[in-house]
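Here is the structure we will look at.
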Amino acid sequence: MSDVKHMKWWGWGVDGVAFHHENKPGFAPFVKKNLGLDLKKTKGEPPTFADIDVPSSRAAESFVLLLAGIVGDEHVETDDMSRVVHTFGKSIRDLIRVRTSAFPRAVDVVVYPANEAEVRLIVDAVVASDAVLIPFGGGSNIAGSLEPLAGEERTVVSLDLGRLNRVIELDADSSLARIQAGAQGPDLEAELNEAGWTLGHFPDSFTHSTVGGWVATRSSGMQSDKFGDIADIAKGLRVVRPGGVLVLRPLPSTSTGPSVREMILGSEGRLGVITEVTVQIHRIPAKREILAYLYPTWDAGLAAMREISESDATPSITRVSDGNETLFSFATSKKSKGFSALATKGLGVFLKAKGWDTEKMCLSFVGNEGGEELVATNQKIIAGIVKKHGGITVGKGPGVLYDQKKFDTPYIRDWFLDWGGSADVSETAAPWSKLPELYRNVIASANHAFDEIGVKGWIMAHLSHSYTSGACLYFTFAYLDTGDAITNYDVVKSAIQQAFIDAGGTLSHHHGVGLEHAPWMEQDISTEGVKVMRGLFGAVDPGRHFNPGKVL
Ligand code: FAD
């Protein structure tokens with residue numbers, strides 16, 4: 001049995017960690033009012049594995065032996081639990097399906113190579129045996145990027161990169177680190193920190209995702225405003241392909257085009273197996289501080305974020321929540337801590353006296369890091385912009401709390417599933433000029449979809465990841481399911497995705513395409529764009545051995 005760590009088969013994160021509402025006084029009234037969920041009723045329980053009906057492995061014994069000959073018996077698995085863990089990511093669609101034994105197809109065999117040489121042998125064996133190979137990083141994707149296609153007749157191999165998990169080399173002169181593709185966020189960051197460096201890439205899924213997965217899905221972390229998206233951070237790559245290794249040396253820039261590096265970014269396993277990524281790293285900043293601000297309205301917050309992006313300030317995090325997400329933040333605050341404490345200290349009274357509608361006010365976090373002087377200068381510029389847009393500076397307390405709790409939020413979704421609810425996220429990016437209307441259209445489309453499926457739905461949003469030309473808007477939606485959960489999800493998710501495209505946004509800012517977003521590819525990159533991409537996939541993988549069907 002492999003000793004590579006995985007998330008729980010039925011939900012997010014590790015066993016023994018879960019969301020609890022009992023210590024959050026505002027939570028029960030919040031969900032009662034906005035979702036119709038009565039927490040006095042009895043909660044359901046997560047499923048047990050014995051209740052799950054898993055399709056048998058179709059891998060021939062001879063093929064399993066061939067793989068075992070490459071990596072050793074103990075690094076090949078065909079048991080049901082391993083195959084279930086490797087069949088899905090962690091979207092709500094995945095979680096609903098895994099809880100209800102709805103497997104369109106499960107992977108047949110999981111293999112854990114120890115090094116690139118073994119990856120090469122596996123890749124060649126897969127092609128020679130006319131099998132299918134799906135690389136597996138942390139299994140955290142939410143775009144249907146891991147599951148085998150329904151109706152796939154061939155043997156499906158999940159190649160888990162978990163044993164390729166080391167930082168291989170640091171080039172301090174160039175601020176570069178060579179990292180094996182299966183290294184997970186906390187492990188690689190700890191190794192870098194020990195040497196005085198940071199990667200600066202912190203997606204919300206940081207605790208359970210890998211550098212190879214980040215590259216393969218074009219990931220973005222919460223400090224992207226300063227450190228860039230993974231597309232900026234990944235400078236060099238090694239990708240195993242049938243019969244060879246595609247090597248892209250880390251170069252500060254190049255005029256060699258079209259960029260093969262860009263083709264690998266977001267390729268979701270379709271162009272081969274990434275074994276190594278050379279990343280841009282940074283000295284750990286002397287100071288890092290996240291301050292909280294409040295705005296009277298969403299429009300004011302949005303306008304301030306735009307102005308910050310245009311200013312001389314260089315923040316690492318720019319984030320503003322809409323009114324609904326701000327209410328949610330208050331509702332998930334612990335007793336007499338953070339936002340609740342603020343409220344009890346009379347902030348609400350003060351803001352009401354200022355004429356604010358506290359149901360509509362918007363909470364913002366802006367993080368700065370670097371030398372003391374830079375942080376102070378940035379904060380001064382930002383405070384001026386906040387004031388100009390009618391906002392107020394709240395201070396450090398909520399920012400510290402946000403920083404501590406930022407990786408805990410995903411656990412709420414599993415808790416909500418136990419209550420019969422569905423919750424998920426969809427995010428996009430669009431030019432600044434289109435964001436106000438995009439926001440309004442998405443909210444209207446989601447509410448229309450809630451009506452269509454007959455539920456009391458909740459949708460909230462925040463802006464994060466600012467660029468000179470635009471930003472990412474990130475929507476979270478939730479409702480108590482009545483009827484078929486997958487059908488309901490399809491209605492709501494499609495409405496939101498279509499609203500993104502119609503309003504000038506992209507199908508996803510950082511979750512990738514997978515199967516989930518593939519229907520919007522043509523609208524996103526045009527018919528000719530799809531032709532170019534199909535040509536690429538068809539030419540480099542004519543036998544459709546590498547994660548077929550994903551992206552396109
Ligand atoms: P996996 O899920 O294992 O794989 C994703 C895809 O990449 C698959 O197609 C797989 O075949 C391919 N792949 C993986 N490794 C390799 C490799 N070595 N070579 C070739 N192909 C490979 N994403 C963000 O960017 N930012 C966020 O803030 C963020 N927050 C999230 C929060 C939650 C709660 C969840 C569930 C997801 C979130 N995601 C986020 C999405 C997800 O974490 C990212 O897509 C992440 O980059 C996936 O990495 P992974 O290692 O888990 O890859």
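Return the FRET efficiency for the residue pair Ser101, Leu65: r is the Cβ-Cβ distance, R0 is 41 Å, and the value is rounded to the nearest 0.05.
Details: r = 29 Å, r/R0 = 0.71.
For R0 = 41 Å, the calculated efficiency reads 0.90.
Overall, the accessible surface of the stretch 167-283 at a probe of 1.4 angstrom is composed of carbon and sulfur to the extent of 48 percent. Taking a point 7 Å from the Cα of Thr314 along the Cα-to-Cβ direction, the residues of the stretch 375-404 with backbone N closer than 17 Å to it are 375-382. With a Förster radius of 35 Å, plug the Cβ-Cβ distance of Asp3 and Ser253 into 1/(1 + (r/R0)^6) and report the FRET value to the nearest 0.05. Efficiency computed from Cβ-Cβ geometry: 0.30.
Which of rounded, prolate, oblate describes the stretch 287-405, given a ≥ b ≥ c as roots of the alpha-carbon gyration tensor eigenvalues and a/c under 1.5 marking rounded, otherwise prolate only if a/b is larger than b/c? Taking the square roots of the gyration eigenvalues as a ≥ b ≥ c, the stretch 287-405 is oblate. Protein heavy-atom accessible surface, 1.4 Å probe, per residue over the chain: 40 Å². Ordering Thr155, Gly182, Ala143 by Cα displacement along the dipole of the stretch 134-238 toward the positive end leaves Thr155 in first place; charges were set at the Cβ atoms of Lys, Arg (+1) and Asp, Glu (-1).
Mind listing which GluC sites (Glu not before Pro) in the stretch 111-185 are in a DSSP loop and have 12 or fewer other Cβ atoms within 10 Å?
Working: sites: Glu116, Glu118, Glu152, Glu153, Glu169; in loops: Glu152, Glu153.
Qualifying residues, ordered by number: Glu153.
Extension gain for Asp15 to Glu452 (0.36 nm times residue separation, less C-alpha to C-alpha distance): 153.7 nm.
Note on the stretch 34-104 and the stretch 459-484: Cα centroid distance 28 Å, given to the nearest whole angstrom. Computed from label points 7 Å out along Cα-Cβ, the spacing between Ser469 and Asp79 is 5.1 nm.
For Lys235, nonlocal amide neighbours, meaning residues 5 or more places apart or on other chains whose placed amide H falls under 5 Å from its own, are Thr278, Val279, Gln280.
Based on alpha-carbon centroids, what's the gap between the stretch 235-253 and the stretch 490-538 in Å, whole number please? Cα centroid to Cα centroid, the span is 27 Å.
The stretch 188-202 and the stretch 433-449 have their alpha-carbon centroids 38 Å apart. Between the Cα long axis of helix 61-71 and the first principal axis of the chain there is an angle of about 70°, rounded to the nearest 10. Relative to the longest principal axis of the chain, what angle (0 to 90°, nearest 10) does the C-alpha long axis of helix 485-502 take? Taking Cα atoms only, the helix is inclined about 70 degrees. Distance between the 7 Å Cα→Cβ label points at Lys406 and Val349: 3.4 nm. Note on Asp130 and Leu536: with the Förster distance fixed at 22 Å, the Cβ-Cβ geometry gives a FRET efficiency of about 0.55. Note on Lys334: accessible area approximately 80 square angstrom, rounded to 10, probe 1.4 Å, nucleic acids and ligands left out. Rounded to the nearest 10 degrees, the inclination of helix 298-310 to the longest alpha-carbon principal axis of the chain is 70 degrees. Of all DSSP beta bridges in the chain, what percent run antiparallel (nearest 5)? Among the beta bridges of the chain, antiparallel pairing accounts for roughly 85 percent.
Legend: distances between Cα atoms for Lys90/Lys334; Lys396/Lys456; Lys33/Lys406; pairs beyond 30 Å are Lys396/Lys456.
Length gain on complete extension for the stretch Glu522 to Lys287, per 0.36 nm per residue less the alpha carbon to alpha carbon distance?
Fully extending the segment from Glu522 to Lys287 adds 80.2 nm.
The values are calculated or read from the model by the stated rules, or taken from the named source; none is laboratory data. Keep in mind the model is a prediction, meaning the values are calculated, not measured. FYI the Cβ positions are ideal-geometry reconstructions off the backbone, even for glycines, and counts take in every protein chain you see. Quick note on the areas: whole protein, heavy atoms, side chains included, nothing else; ligands and nucleic acids left out. Shrake-Rupley method; radii C 1.70, N 1.55, O 1.52, S 1.80 Å.
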